[in-house]
Amino acid sequence: MQKQWIDISQPLNSRIAHWPGDVPFSYSLSVTKEQTGSVNIGTITTSLHTGTHIDAPFHFDSKAPSVLDLDLSIFIGKARVIDVSHLQEINAEQMAAFPLEGAERLLLKTASASSPEIFPDKVTPLSTDLASLFKKHNICLIGVDVPSVDVPDSKEVAVHHAFYQHGVHILENIVLDHAPPGDYQLIALPLPLEGADGSPVRAVLRPLEAGTGKEETQ
């Protein structure tokens, strides 16, 4: 029997934190079963960057691909969880000390992770030199447990740009509390939003057997 999937998504509800100035998440019933005689129908409003989500390059480059242009294989496949919570900043020299060979996708557990209901006033900074290191190891996706790979007050979003220029895509606001360091199968598919700058995802992991690339059984 295969091990169960681990949900690494933030639950979307009225309490979830959102970027200051962005549209907060809201769900409500447009009509009820009592009104229609048959079904409840709900409506949501939200920024595409609330909760667990991917950034399309169009988010920070108006000439770059939007969500529907992205290859779905980026968001499905082997991923490695690495605990960097002891680091005050994360740069290429520090990351080179971790096992990156064959990672394909990298999910970072940082010291700055907080409650989904609290928007952090600071995050562990990532350096732009990580982009070339990740490209060297053929890493196509970087995931972080905070709202952004750049510090929240950044206007240049240099880390976003560096990752895009090196073929590294971005997954943000993941929850790694129940995912120990190791290799996993990741599914984090965006919605098929034409022309969109990002998308909420339901991100899940399933452990892989050490050194085999096969899903663990129990």
Task: Boolean, Val23 is outside any loop (DSSP other than H, G, I, E, B) and in contact (Cβ under 8 Å) with a residue 12 or more places away in the chain - done: no
- [ ] Select from region 98-114 the residues that are in a loop (DSSP other than H, G, I, E, B) and more than 16 Å from Pro152 (Cα to Cα) and list them in ascending order.
- [x] Phe98, Pro99, Leu100, Glu101, Gly102, Ala103, Glu104
Open item on the list: Anything in region 71-97 that is touching a helix residue (DSSP H, G or I) at 6+ places or on another chain (Cβ under 8 Å) and in a loop (DSSP other than H, G, I, E, B)? List them, or say none.
Closed with: Val84, Leu87, Asn91, Ala96
Task: From the options His18, His49, residue that is over 15 Å from Pro190 (Cα atoms), assigned to a loop (DSSP other than H, G, I, E, B) and modelled with pLDDT of 95 or more - done: His18
TODO: For Leu176, work out the one condition from (1) farther than 22 Å from Leu70 by Cα; (2) surrounded by fewer than 21 Cβ atoms within 10 Å (Cβ to Cβ); (3) not polar (S, T, N, Q) it doesn't fulfil.
DONE: (2)
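Report yes if Leu186 is of a type in the set (A, V, I, L, M, F, W, C) and either closer than 15 Å to Gly77 by Cβ or part of a loop (DSSP other than H, G, I, E, B) (or both), otherwise no.
Yes; evaluated as a whole, the condition is true for this residue.
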Task: Complete set of residues in region 94-116 that are over 25 Å from Ser73 (Cβ atoms) and either under 20 Å from the mean Cα position of the chain (by Cα) or without any contact (Cβ under 8 Å) to a residue 24 or more places away in the chain (or both) - done: Gln94, Ala97, Thr110, Ala111, Ser112, Ala113, Ser114, Ser115, Pro116
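The values are calculated or read from the model by the stated rules, or taken from the named source; none is laboratory data. Keep in mind that what you see is a predicted model, and the values were worked out from it rather than measured. With ideal geometry, Cβ positions are generated from the backbone for all residues, glycine too; neighbour counts draw on all protein chains shown.
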